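Note sheet for the following structure.
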Amino acid sequence: MNESKAMILGCSGLALTGEEREFYRAERPWGFILFKRNVEEPDQIRALVADLRACVGREDAPIFIDQEGGRVQRLRPPLAPSYPPGAAIGAIYAASKTKGRRAAWLMSRLHAFDLLGYGINADCLPVLDVPVDGAHDVIGNRAYSKDPKTVSILGKAAAKGLTDGGVLPVIKHVPGHGRAFSDSHLALPVVDTPLAQLRAHDFVPFKANSRAGMAMTAHVIYTAIDPERPATTSSKVISGYIRGEIGFGGLLMSDDLSMKALSGDFADRAAASLAAGCDVVLHCNGLMEEMRPVASAVGALKGEAARRAKRAMRPLGRKDGANEAQLREEFAALTGAVA
């Protein structure tokens, strides 16, 4: 089997087209990501996941999804219970630190039960961004709190809940999306905050969780570090701060290359992200006319990036013996959510 390419790709619908199947077989992405357009009913999801893995010939190929809770939850009833947003977990923590940490762990542990039932083995969670007053609501109540220490603690508990259930967590959006005043899906946010303030606030949860297996970059310019390029394509941000000061040593993936925060054609976006220090690039929308140029600019996942990817995969297959029904009952009691 040839080496995987350093990319994670989406697909267009509920089942693979012949063109997609041929493309994935030829281009060998390291992983895939699912969205609402890809999920309809249990057997369909399992068949799609199996087909994606068959294309690349790896039964453990990571299949990612954004399953946070609140408004960012791709699997919804009846496919999975509705879960509260991160801010609701933060509110529990504000009332009782013990209960808050437990609620963060429980919600992620329950996500792991839900996701593995469909063969999905990676969740783009926890959100470690710390919002500031007046920032764009793209993060909003997805965040646990406006307090960096709270976000650090609950993020660590959430990541452990996933790994205890055999699912891979992805911390996001390093080095911090919380003070962006625009939505990076639609425009390029520029943060003019002094470096000392970023260190004291935005970087804190990422530094506390720097031993995580995977992280996703922020498509945000931090003028105090690099006034020209967003973190995703800035070697100054990645080498100096994400790898350096924050100390993140895991697999670093770009946020979605199709977001409007980035400019240039898709080959340029992919090449710039990898040249800046991302280990893998992420492309989500499943459009073939965008995936082909991305694939043309991406080489094999090798060297240190491949070693990081291998380390990130270690939690797969972990079994902690947890009783799902008991955990759901406990979570419902803690949150009042229907679980």
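Every residue, every condition in (1) of a type outside the set (A, V, I, L, M); (2) assigned to a loop (DSSP other than H, G, I, E, B); (3) surrounded by 14 or more Cβ atoms within 10 Å (Cβ to Cβ), yes or no:
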| position | (1), (2), (3) |
| --- | --- |
| ASN2 | yes, yes, no |
| GLY13 | yes, yes, no |
| LEU16 | no, yes, yes |
| GLU22 | yes, no, no |
| ALA26 | no, no, no |
| ILE33 | no, no, yes |
| GLU40 | yes, yes, yes |
Among the numbered conditions (1) surrounded by fewer than 20 Cβ atoms within 10 Å (Cβ to Cβ); (2) at pLDDT 95 or above; (3) within 22 Å of LYS5 (Cα to Cα), tell me where GLY240 comes up short.
(3)
Given the residues GLU304, GLU324, which is the only one that is farther than 23 Å from GLY10 by Cβ, touching a Phe, Trp or Tyr at 6+ places or on another chain (Cβ under 8 Å) and of a type in the set (D, E, K, R)?
GLU324
Just give me the residues in the range 233-263 being in a loop (DSSP other than H, G, I, E, B), among the hydroxyl-bearing types (Ser, Thr, Tyr) and touching a residue at least 60 places away in the same chain (Cβ under 8 Å), in sequence order.
SER263
How about the range 264-302: which of its residues are touching a residue at least 12 places away in the same chain (Cβ under 8 Å) and in a loop (DSSP other than H, G, I, E, B)?
ASP265, GLY277, CYS278, ASP279, CYS284, ASN285, GLY286, LEU287, VAL298, GLY299, LEU301, LYS302
Every listed condition ((1) more than 27 Å from CYS278 (Cβ to Cβ); (2) in a loop (DSSP other than H, G, I, E, B)) holds for ARG58 save (1)
Can you work out which of the residues in the range 171-215 that are basic (Lys, Arg) and either more than 16 Å from MET259 (Cβ to Cβ) or in a loop (DSSP other than H, G, I, E, B) (or both) is modelled with the lowest pLDDT?
ARG179
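The values are calculated or read from the model by the stated rules, or taken from the named source; none is laboratory data. Remember, it's a predicted structure, so these values are computed and weren't measured experimentally. Every residue, glycine as well, gets a Cβ built from its backbone with ideal geometry; the counts of neighbours run over all protein chains shown.
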